[in-house]
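Asker: Sharing a structure with you now.
The values are calculated or read from the model by the stated rules, or taken from the named source; none is laboratory data. Everything quoted here is computed from the prediction, not taken from an experiment. Heads up: the accessible areas ignore ligands, DNA and RNA and are worked out on the full protein's heavy atoms, side chains in. Shrake-Rupley method; radii C 1.70, N 1.55, O 1.52, S 1.80 Å.
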Amino acid sequence: DAEEPQDAQGAAAPKKFPKGVVLGPDGKPCRSCTSFASWAVMAKEKTKDPNVATTTTTTPPAAGTSSLAPPADCPPDVEQLGRSSWTLLHSIAAQYPQRPSPTIQRETSTFMRTFAKLYPCWTCAEDFQNWLAVDANAPRVSSRDEFGRWMCEAHNAVNVKLGKEKFNCDRWEERWRTGWKD
Ligand code: FAD
(Lines give C-alpha, C1' and ligand atoms only; values in the text may rest on other atoms or scores of the structure.)
Protein backbone atom coordinates (compact mmCIF):
# COMPACT_ATOMS: atom_id res chain seq x y z
CA ASP A 1 0.00 0.00 0.00
CA ALA A 2 1.08 3.57 -0.65
CA GLU A 3 2.53 5.39 2.33
CA GLU A 4 0.44 8.46 1.53
CA PRO A 5 -2.78 8.72 -0.46
CA GLN A 6 -1.94 9.51 -4.09
CA ASP A 7 -3.85 10.60 -7.14
CA ALA A 8 -3.36 9.15 -10.66
CA GLN A 9 -0.59 11.67 -11.36
CA GLY A 10 1.27 10.60 -8.23
CA ALA A 11 0.58 13.90 -6.48
CA ALA A 12 -0.14 13.87 -2.77
CA ALA A 13 -3.87 13.61 -2.11
CA PRO A 14 -5.74 15.88 0.26
CA LYS A 15 -5.21 14.75 3.83
CA LYS A 16 -8.88 13.89 4.28
CA PHE A 17 -8.17 10.32 3.08
CA PRO A 18 -6.49 7.90 5.49
CA LYS A 19 -3.12 6.28 4.82
CA GLY A 20 -3.29 3.48 2.25
CA VAL A 21 -6.23 4.90 0.31
CA VAL A 22 -5.24 5.31 -3.37
CA LEU A 23 -7.17 7.72 -5.58
CA GLY A 24 -8.26 6.98 -9.15
CA PRO A 25 -7.91 9.26 -12.19
CA ASP A 26 -11.26 10.83 -11.22
CA GLY A 27 -9.79 11.97 -7.90
CA LYS A 28 -12.04 9.60 -5.98
CA PRO A 29 -10.81 6.68 -3.86
CA CYS A 30 -10.00 3.69 -6.10
CA ARG A 31 -11.49 0.58 -4.54
CA SER A 32 -9.50 -1.91 -6.64
CA CYS A 33 -6.26 -0.09 -5.72
CA THR A 34 -6.92 0.00 -1.97
CA SER A 35 -6.97 -2.72 0.68
CA PHE A 36 -10.28 -3.33 2.38
CA ALA A 37 -8.64 -2.51 5.72
CA SER A 38 -7.83 1.04 4.53
CA TRP A 39 -11.23 1.33 2.87
CA ALA A 40 -12.94 0.40 6.16
CA VAL A 41 -10.94 3.06 8.05
CA MET A 42 -12.06 5.65 5.49
CA ALA A 43 -15.69 4.54 5.75
CA LYS A 44 -15.51 4.70 9.53
CA GLU A 45 -14.03 8.20 9.50
CA LYS A 46 -16.64 9.34 6.97
CA THR A 47 -19.62 8.16 8.98
CA LYS A 48 -18.01 8.75 12.40
CA ASP A 49 -19.89 5.60 13.36
CA PRO A 50 -17.66 3.41 15.55
CA ASN A 51 -19.60 0.31 14.47
CA VAL A 52 -18.78 0.63 10.76
CA ALA A 53 -15.37 -1.05 10.89
CA THR A 54 -16.36 -3.69 13.41
CA THR A 55 -19.23 -4.96 11.25
CA THR A 56 -16.67 -5.85 8.56
CA THR A 57 -14.81 -8.17 10.94
CA THR A 58 -17.70 -10.64 10.76
CA THR A 59 -16.19 -11.70 7.41
CA PRO A 60 -13.32 -14.14 8.00
CA PRO A 61 -9.97 -12.65 6.96
CA ALA A 62 -8.70 -13.83 3.59
CA ALA A 63 -5.26 -15.39 3.28
CA GLY A 64 -3.64 -12.10 2.32
CA THR A 65 -1.76 -9.35 4.02
CA SER A 66 -4.86 -7.65 5.38
CA SER A 67 -6.79 -8.79 8.42
CA LEU A 68 -10.01 -7.56 6.81
CA ALA A 69 -11.66 -8.81 3.63
CA PRO A 70 -14.63 -7.41 1.76
CA PRO A 71 -17.85 -9.43 1.91
CA ALA A 72 -18.08 -11.92 -0.98
CA ASP A 73 -20.76 -9.91 -2.81
CA CYS A 74 -18.91 -6.55 -2.67
CA PRO A 75 -16.48 -5.14 -5.26
CA PRO A 76 -12.99 -6.61 -4.80
CA ASP A 77 -10.23 -4.79 -2.95
CA VAL A 78 -6.65 -4.78 -4.25
CA GLU A 79 -5.85 -8.11 -2.57
CA GLN A 80 -8.91 -10.04 -3.70
CA LEU A 81 -8.49 -8.69 -7.22
CA GLY A 82 -4.83 -9.75 -7.12
CA ARG A 83 -5.49 -13.29 -5.90
CA SER A 84 -8.20 -13.83 -8.52
CA SER A 85 -6.01 -12.41 -11.27
CA TRP A 86 -2.99 -14.54 -10.38
CA THR A 87 -5.26 -17.60 -10.25
CA LEU A 88 -6.43 -16.85 -13.78
CA LEU A 89 -2.94 -16.06 -15.12
CA HIS A 90 -1.19 -19.10 -13.60
CA SER A 91 -4.10 -21.31 -14.73
CA ILE A 92 -3.72 -20.00 -18.29
CA ALA A 93 -0.01 -20.88 -18.10
CA ALA A 94 -0.88 -24.33 -16.70
CA GLN A 95 -3.08 -25.10 -19.72
CA TYR A 96 -0.74 -23.48 -22.26
CA PRO A 97 0.38 -25.80 -25.08
CA GLN A 98 3.70 -27.56 -24.67
CA ARG A 99 4.46 -26.71 -28.30
CA PRO A 100 2.51 -23.54 -29.11
CA SER A 101 2.12 -22.34 -32.69
CA PRO A 102 3.76 -19.03 -33.65
CA THR A 103 0.27 -17.48 -33.72
CA ILE A 104 -0.51 -18.56 -30.14
CA GLN A 105 2.88 -17.31 -28.99
CA ARG A 106 2.28 -13.92 -30.58
CA GLU A 107 -1.26 -13.69 -29.18
CA THR A 108 -0.09 -14.66 -25.70
CA SER A 109 2.54 -11.91 -25.64
CA THR A 110 -0.06 -9.43 -26.82
CA PHE A 111 -2.52 -10.67 -24.19
CA MET A 112 -0.01 -10.09 -21.37
CA ARG A 113 0.75 -6.56 -22.57
CA THR A 114 -2.96 -5.77 -22.96
CA PHE A 115 -3.68 -7.28 -19.53
CA ALA A 116 -1.01 -5.00 -18.03
CA LYS A 117 -2.70 -1.98 -19.60
CA LEU A 118 -6.23 -2.90 -18.53
CA TYR A 119 -5.48 -4.15 -15.00
CA PRO A 120 -8.10 -2.40 -12.85
CA CYS A 121 -5.69 -1.17 -10.14
CA TRP A 122 -3.93 1.69 -11.92
CA THR A 123 -0.88 1.83 -9.61
CA CYS A 124 -0.40 -1.95 -10.01
CA ALA A 125 -0.90 -1.66 -13.78
CA GLU A 126 1.65 1.13 -14.15
CA ASP A 127 4.34 -0.78 -12.26
CA PHE A 128 3.58 -4.01 -14.11
CA GLN A 129 3.81 -2.24 -17.48
CA ASN A 130 7.17 -0.77 -16.47
CA TRP A 131 8.40 -4.21 -15.41
CA LEU A 132 7.22 -5.69 -18.74
CA ALA A 133 8.95 -2.91 -20.69
CA VAL A 134 12.39 -4.16 -19.55
CA ASP A 135 13.77 -6.36 -22.35
CA ALA A 136 14.80 -9.13 -19.96
CA ASN A 137 11.22 -9.35 -18.66
CA ALA A 138 9.48 -9.80 -22.04
CA PRO A 139 6.98 -12.69 -21.93
CA ARG A 140 8.65 -16.05 -22.64
CA VAL A 141 6.01 -18.02 -24.51
CA SER A 142 7.84 -20.71 -26.49
CA SER A 143 6.54 -23.59 -24.33
CA ARG A 144 4.30 -24.27 -21.30
CA ASP A 145 7.27 -24.59 -18.98
CA GLU A 146 8.81 -21.33 -20.26
CA PHE A 147 5.54 -19.46 -19.88
CA GLY A 148 4.77 -20.94 -16.45
CA ARG A 149 8.21 -19.96 -15.16
CA TRP A 150 7.94 -16.52 -16.69
CA MET A 151 4.55 -16.01 -14.98
CA CYS A 152 6.09 -17.14 -11.70
CA GLU A 153 8.92 -14.60 -12.13
CA ALA A 154 6.38 -11.87 -12.94
CA HIS A 155 4.45 -12.74 -9.77
CA ASN A 156 7.70 -12.79 -7.77
CA ALA A 157 8.53 -9.29 -9.00
CA VAL A 158 5.25 -8.10 -7.43
CA ASN A 159 5.91 -10.20 -4.30
CA VAL A 160 9.28 -8.50 -3.87
CA LYS A 161 7.76 -5.07 -4.40
CA LEU A 162 5.21 -5.80 -1.67
CA GLY A 163 7.86 -7.20 0.71
CA LYS A 164 6.56 -10.77 0.41
CA GLU A 165 8.60 -13.96 0.08
CA LYS A 166 9.58 -15.18 -3.38
CA PHE A 167 7.89 -18.37 -4.58
CA ASN A 168 10.17 -21.24 -5.73
CA CYS A 169 9.56 -21.24 -9.50
CA ASP A 170 10.76 -24.85 -9.82
CA ARG A 171 7.42 -25.71 -8.19
CA TRP A 172 5.10 -23.54 -10.28
CA GLU A 173 3.58 -26.55 -12.06
CA GLU A 174 2.87 -28.43 -8.82
CA ARG A 175 1.10 -25.36 -7.45
CA TRP A 176 -0.93 -24.59 -10.56
CA ARG A 177 -1.30 -27.77 -12.66
CA THR A 178 -0.46 -31.16 -11.14
CA GLY A 179 -0.89 -30.59 -7.40
CA TRP A 180 1.87 -31.11 -4.81
CA LYS A 181 4.00 -34.26 -5.13
CA ASP A 182 4.36 -34.76 -1.38
P1 FAD B 1 -1.04 -13.74 -4.08
O2 FAD B 1 0.23 -12.99 -4.26
O3 FAD B 1 -2.27 -13.21 -4.73
O4 FAD B 1 -0.78 -15.23 -4.57
C5 FAD B 1 -1.82 -16.20 -4.64
C6 FAD B 1 -1.19 -17.57 -4.49
O7 FAD B 1 -0.28 -17.77 -5.55
C8 FAD B 1 -0.35 -17.73 -3.24
O9 FAD B 1 -1.12 -18.15 -2.16
C10 FAD B 1 0.70 -18.76 -3.65
O11 FAD B 1 0.24 -20.09 -3.44
C12 FAD B 1 0.84 -18.54 -5.13
N13 FAD B 1 2.04 -17.79 -5.49
C14 FAD B 1 2.64 -16.76 -4.84
N15 FAD B 1 3.69 -16.31 -5.53
C16 FAD B 1 3.76 -17.07 -6.65
C17 FAD B 1 4.63 -17.09 -7.78
N18 FAD B 1 5.66 -16.23 -7.88
N19 FAD B 1 4.42 -18.00 -8.74
C20 FAD B 1 3.40 -18.89 -8.66
N21 FAD B 1 2.54 -18.91 -7.62
C22 FAD B 1 2.70 -18.02 -6.63
N23 FAD B 1 -1.07 -5.50 -4.91
C24 FAD B 1 -0.64 -4.35 -4.36
O25 FAD B 1 -0.95 -4.08 -3.19
N26 FAD B 1 0.16 -3.48 -5.07
C27 FAD B 1 0.54 -3.74 -6.35
O28 FAD B 1 1.23 -2.93 -6.98
C29 FAD B 1 0.08 -4.92 -6.97
N30 FAD B 1 0.39 -5.22 -8.25
C31 FAD B 1 -0.16 -6.31 -8.85
C32 FAD B 1 0.11 -6.55 -10.20
C33 FAD B 1 -0.47 -7.62 -10.84
C34 FAD B 1 -0.22 -7.86 -12.30
C35 FAD B 1 -1.34 -8.50 -10.12
C36 FAD B 1 -2.01 -9.64 -10.84
C37 FAD B 1 -1.57 -8.29 -8.78
C38 FAD B 1 -0.99 -7.20 -8.12
N39 FAD B 1 -1.21 -6.95 -6.77
C40 FAD B 1 -0.74 -5.79 -6.20
C41 FAD B 1 -1.91 -7.93 -5.93
C42 FAD B 1 -0.88 -8.82 -5.17
O43 FAD B 1 0.05 -9.40 -6.07
C44 FAD B 1 -1.55 -9.97 -4.41
O45 FAD B 1 -2.39 -10.69 -5.29
C46 FAD B 1 -2.37 -9.54 -3.20
O47 FAD B 1 -1.56 -8.77 -2.33
C48 FAD B 1 -2.88 -10.77 -2.41
O49 FAD B 1 -1.73 -11.49 -2.02
P50 FAD B 1 -1.73 -12.94 -1.39
O51 FAD B 1 -0.61 -12.94 -0.39
O52 FAD B 1 -3.07 -13.34 -0.93
O53 FAD B 1 -1.32 -13.97 -2.55
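Asker: Can you give the convex hull volume of the alpha carbon atoms of region 101-182 per residue, in Å³?
Answerer: Here the figure is 108 Å³ per residue.
Asker: Next up: At 1.4 Å probe size, with every protein chain present, just tell me what the per residue accessible area of region 124-182 comes to in Å².
Answerer: Accessible surface, normalised per residue, equals 61 Å².
Asker: Determine the alpha carbon to alpha carbon distance for each of K28/K166; K16/K166; K44/K166; K19/K117; K28/K117; K46/K166 and list only those over 29 Å.
Answerer: Where the Cα-Cα span goes over 29 Å, the pairs concerned are K28/K166; K16/K166; K44/K166; K46/K166.
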